[in-house]
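The values are calculated or read from the model by the stated rules, or taken from the named source; none is laboratory data. What you see is a predicted model, and the numbers here were worked out from it, not measured in a lab. Every residue, glycine as well, gets a Cβ built from its backbone with ideal geometry; the counts of neighbours run over all protein chains shown. Heavy atoms of the whole protein, side chains included, go into the accessibility calculation; ligands, DNA and RNA do not. Shrake-Rupley method; radii C 1.70, N 1.55, O 1.52, S 1.80 Å.
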Amino acid sequence: MAGLVGGAGRGGDGGSWALALTLMLAGPMTATPLILFSYGARRIDLASVGVLSYLNPSLQFAVAVLIFAEAFTGWHMVAFVMIWTALALYSLARWRYRPVAPRPSIRS
């Protein structure tokens with residue numbers, strides 16, 4: 001950390017342009033997806049945003065188990081099934097009881 005703030009006797013630049021460039025781009029690379037998400041979230045209802053919020057952790061979970069061979073115990077399976085069962089029930093209830101737009105009347 002001392003090299004990043006000008007220590008370690010290197011004249012204050014940390015000695016690496018690649019590191020400096022990475023640190024300078026870290027903010028915009030973090031903020032851009034969040035800004036785009038906020039624009040997209042304004043265009044759909046909040047219930048859909050909530051359900052979509054479960055996709056990212058589920059994809060991260062799949063990558064961890066399938067690609068990085070992380071441990072997947074029975075308790076992990078129970079938790080995963082319970083979460084997605086609750087989401088399925090919520091989505092089904094929301095779909096069944098959604099407000100139906102009135103049909104246009106046909107008059108001659």
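Numbers at a glance
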{"item": "Pick from the range 85-105, criterion part of a helix (DSSP H, G or I) and either at pLDDT below 75 or surrounded by fewer than 10 Cβ atoms within 10 Å (Cβ to Cβ) (or both), ranking: nearest to the chain's Cα centre (by Cα)", "result": "W95"}
{"item": "Hits in the range 15-30 - residues which are surrounded by 11 or more Cβ atoms within 10 Å (Cβ to Cβ) and either of a type in the set (S, T, Y) or under 30 Å from R98 (Cβ atoms) (or both)", "result": "S16, T22"}
{"item": "Those residues of the range 56-82 which are open to solvent by 80 Å² or more (accessible area, probe 1.4 Å) and part of a helix (DSSP H, G or I), in sequence order", "result": "N56, L59, Q60, L66, W75, H76, M77, M82"}
{"item": "Breaking point among (1) open to solvent by 90 Å² or more (accessible area, probe 1.4 Å); (2) part of a helix (DSSP H, G or I), for P33", "result": "(1)"}
{"item": "Residue list for the range 61-94, filter: over 28 Å from L46 (Cα atoms) and charged (D, E, K, R)", "result": "E70"}
{"item": "Qualifying residue in the range 40-53 (condition: in a helix (DSSP H, G or I), over 27 Å from R98 (Cβ atoms) and not hydrophobic (A, V, I, L, M, F, W, C))", "result": "no"}
